[in-house]
Amino acid sequence: MLKKMGIPEEKIPEILQQEKDSELTLDRILISKNYLPEEKVLRFFAEFLEIPFRKDLSGVRVPTDFIQLVPVQFARNSLLCVIDEEEDRALAATCYPLDSQPMDDLATLMQREIEPVLVPKQEISTLINRAYRHKADGVDEALDDIEEEDIMGLATDIEESEDLLDVANKAPIIKLVNMLLFQALKLRASDIHLQPFPDFLQVRMRIDGILYDMEAIPKKAQEAITSRVKVMGKMDIAERRLPQDGRASIRIGDGEVDVRISTIPVNHGERIVFRILDKSAKIYTLDEIGLNEEGLRIIRRYLSYSHGMIFVTGPTGSGKTTTLYAGLQEMDSKEKNILTIEDPIEYNLDTISQVQVNTKKGLTFAAGLRSFLRQDPDVMMVGEVRDKETAEIAIRAALTGHLVFSTVHTNDSASTITRLLDIEIEPYLVSSSLLLVVAQRLVRLICPTCKELTDPDEKTTFALEELNLSLDQFPNRKVWKGAGCDDCFHSGFQGRTAIYEILPIDHEIQAQIVSQASATEIKKGAIRRGLRTLRMNGIDRVLSGLTTPSEILRVTQADIF
C-alpha cells in the first residue's frame, strides 16, 4: 500500500516501525511526519476505502442537531463535523480515515448511523469554528463561578503548552481566561483587549480588523484575571506600575496557538492586549489572496528572478506576511535553500528554515541576515526592515545573487522607495537592487448569507461620489450591501480579501530613484504607464459586488494625479 502511495522503499520500514511503537494510525503518521501532503493521503484512502473526498466545505451549513448534541470540545479534539443529515444517518467530515473510535462516539451522541467524508483538516477546523460561533462557550458559566478568591493562589506554574479545551478541573479564573481565548479563536479574532473601567472590565475582540465589545467582567475579578494573564506570559505579577510584555503557547486539541501579551498601567488598573497567532491556520497560496490575473502574472514573473529585492508594504494587520508566505509557497524548496527571520514566526512552513528574532540574546534582523549569508541561501525573507543596518545588509544580499523578500510600513508603493532613501540608503543601491514593491490593504467582504441589492443610503451616496462612481455602473442602479445576520454579528461583513498596488521597478523609476524624485512624481509616472493604485483596485472590487464603497474609503487614500 505504501509503495502505491509513492513512499520510497527505504522509508517503508521506518514508517511501519513508527506505527508499531506509537499509538498513531498510519494516516496520521504519514501526514504529521510530512512523508506525504495531506491531500494526497486523503485522496488515496478515499479511493482505497471507497469513501467520498471533498477538497473544501465552503457554503456548508452544519445541522442544528450536531451543534446542540455534540460538545465543541469533542468536535475540536476529534476533528469531526456533520455536514448533512437524514432521519437515520448523518454525513460527517473527518481527516482521520483510519480512526474509527471518534466516529462510533459521534454515532452514540447523535443516535444515528454516521457515514464519513474525507476532508482536509483546516477545512473541518474552520467549519467547526463557524458552527459553534454563536453557541455559549463557557464564558458566562465561568463568570457565574467567580467568587472573591485568593489572587496569589492563581500564581501556579502554567504548563509549557496548555490545552484550552481542558477546563473541567480548572479554577474559575483560569477557566474564564481559557474560555475567552477559545471564544476569540472561534470568532477568528486577531486580538483580545481587556480594558478596565471604574465598575467593570470590558472584553473587546478585533474581528476582520474591527473592534467589537463582548462580555463585561465584574470588577472584583479584574486583579485575579490580570495575575493569571501575567502568570501565562511569565511576567512579574507584583509589578503593576510599568508596562510588561510576555508570550504563551497554548493548544486547542491538535492545533498550536502563539499568544503575545502586553500590559500597561492605566487609570483604572492594567490594560491587557492579547495578539493571537494561530499556527495551524491555513497558509494561503497566491491564487487565494485576492490578486487579479495581471497581478498574479507580475508577481510570479518576479518570483522566478535569481536575485533582487521584493518589498510588501502596508500598515500593521494589512496581510503583508500572508502575501510573503504565499510567495514562498510558490517556490520549489527542494531546489532552493530558503531561510526566513521573523518576529514572530506566524506560520510554520515545513520545508523552509525559519528563525525567530531574539533581541535579548542579540539575534536581531541584521544579525540574523549576516548569519544567513554564511548558510548558502538562494532566497531570504526578512520579517521587517526597520533601520538602516537591516536595509543595507538586505540590499547588499540582493546585489550579491540572492532573492530577498521583506516588509516595510509605508502608505503606498512609491513611498517605500523614498523611505529607503530617508534612512540614508544610497540611491544607486536602491535603484540597482529593487525589483518590485507591492502595497496592500485588507477590505471586509460583504456577508454572503445576508447580501442584497439595495438603494444607496446617504453614507453610500457620499462614498460613491468620493470614488467617482455612478449608479449607472451598478445593476438596476442598486448597490450590494449586507443586511446583517447572526453569521456576521449583524455587521453586514464576513471575511476579508486584499486589494493591491503592484509597482515593478522599471528603467524610468530607476532613473527617478537616482535623481531622488519624490514619491508623488514616481507614482504619477507609474500611473501614466499603467499602474493600478489601491483605490482603483478597490473600486474594481466594489463594481464586482465583493465589498462596499464605504469600505474602500476606509482603507485607501485619494489618488493624486
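The values are calculated or read from the model by the stated rules, or taken from the named source; none is laboratory data. Predicted model, so just to flag it, every value in this text is computed and none were measured. Positions of Cβ are backbone-derived with ideal geometry, glycine not excepted, and every protein chain shown enters the neighbour counts. In case anyone asks, the SASA skips ligands and DNA or RNA and just uses the protein heavy atoms, side chains included. Shrake-Rupley method; radii C 1.70, N 1.55, O 1.52, S 1.80 Å.
Annotations for the structure displayed:
Yes or no, residue by residue, for (1) at positive phi; (2) without any contact (Cβ under 8 Å) to a residue 60 or more places away in the chain; (3) assigned to a loop (DSSP other than H, G, I, E, B); (4) among the aromatic types (Phe, Trp, Tyr):
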{"position": "437", "(1), (2), (3), (4)": "no, no, no, no"}
{"position": "441", "(1), (2), (3), (4)": "no, no, no, no"}
{"position": "444", "(1), (2), (3), (4)": "no, no, no, no"}
{"position": "453", "(1), (2), (3), (4)": "no, yes, no, no"}
{"position": "461", "(1), (2), (3), (4)": "no, yes, no, no"}
{"position": "465", "(1), (2), (3), (4)": "no, yes, no, no"}
{"position": "476", "(1), (2), (3), (4)": "yes, yes, no, no"}
{"position": "484", "(1), (2), (3), (4)": "yes, yes, yes, no"}
{"position": "490", "(1), (2), (3), (4)": "yes, yes, yes, no"}
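- Output for the range 15-32, where each listed residue is assigned to a loop (DSSP other than H, G, I, E, B) and open to solvent by 50 Å² or more (accessible area, probe 1.4 Å): 23, 24
- Conditions (1) open to solvent by 10 Å² or more (accessible area, probe 1.4 Å); (2) in a loop (DSSP other than H, G, I, E, B); number of the one not met by residue 294: (2)
- Among the conditions (1) surrounded by 18 or more Cβ atoms within 10 Å (Cβ to Cβ); (2) touching a residue at least 40 places away in the same chain (Cβ under 8 Å), residue 420 misses just one, which is (2).
- Any hit, the range 397-410, residues being touching a Leu at 6+ places or on another chain (Cβ under 8 Å), without any contact (Cβ under 8 Å) to a residue 40 or more places away in the chain and within 30 Å of residue 558 (Cα to Cα): no
- Some residue of the range 301-313 being touching an Asp or Glu at 6+ places or on another chain (Cβ under 6 Å), open to solvent by less than 20 Å² (accessible area, probe 1.4 Å) and outside any strand (DSSP E or B): yes
- The set of residues from the range 314-345 being among the charged types (D, E, K, R) and buried (at least 19 other Cβ atoms within 10 Å of the Cβ) comprises 320, 342.
- Considering only residues in the range 97-143 that are of a type in the set (D, E, K, R) and not in a helix (DSSP H, G or I), the one that is modelled with the lowest pLDDT turns out to be 137.
- When the range 468-494 is filtered for residues that are open to solvent by 20 Å² or more (accessible area, probe 1.4 Å) and touching a helix residue (DSSP H, G or I) at 6+ places or on another chain (Cβ under 9 Å), the ones remaining, listed by number, are 468, 469, 470, 471, 473, 477, 478, 480, 481, 487, 493, 494.
- The range 33-45, residues that are surrounded by fewer than 19 Cβ atoms within 10 Å (Cβ to Cβ) and either assigned to a loop (DSSP other than H, G, I, E, B) or modelled with pLDDT of 90 or more (or both): 33, 34, 36, 37
Yes or no, residue by residue, for (1) at pLDDT below 95; (2) in contact with a Leu (Cβ under 7 Å, 6 or more places away or on another chain); (3) closer than 19 Å to residue 513 by Cα:
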residue: 392; (1), (2), (3): yes, no, yes
residue: 412; (1), (2), (3): yes, yes, yes
residue: 423; (1), (2), (3): yes, no, yes
residue: 434; (1), (2), (3): no, no, yes
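- Residues that are within 15 Å of residue 271 (Cα to Cα), buried (at least 18 other Cβ atoms within 10 Å of the Cβ) and hydrophobic (A, V, I, L, M, F, W, C) within the range 195-214 comprise 201, 203, 205, listed in sequence order.
- Summed over the range 510-533, residues that are open to solvent by less than 40 Å² (accessible area, probe 1.4 Å), small (Gly, Ala, Ser) and touching a residue at least 12 places away in the same chain (Cβ under 8 Å) total 3.
- Residue, modelled with the highest pLDDT, within the range 76-96, restricted to residues that are assigned to a strand (DSSP E or B) and open to solvent by 20 Å² or more (accessible area, probe 1.4 Å): 91
- Screening 192, 217 for residues that are in a strand (DSSP E or B), farther than 24 Å from residue 130 by Cα and open to solvent by less than 10 Å² (accessible area, probe 1.4 Å) leaves exactly one candidate, 217.
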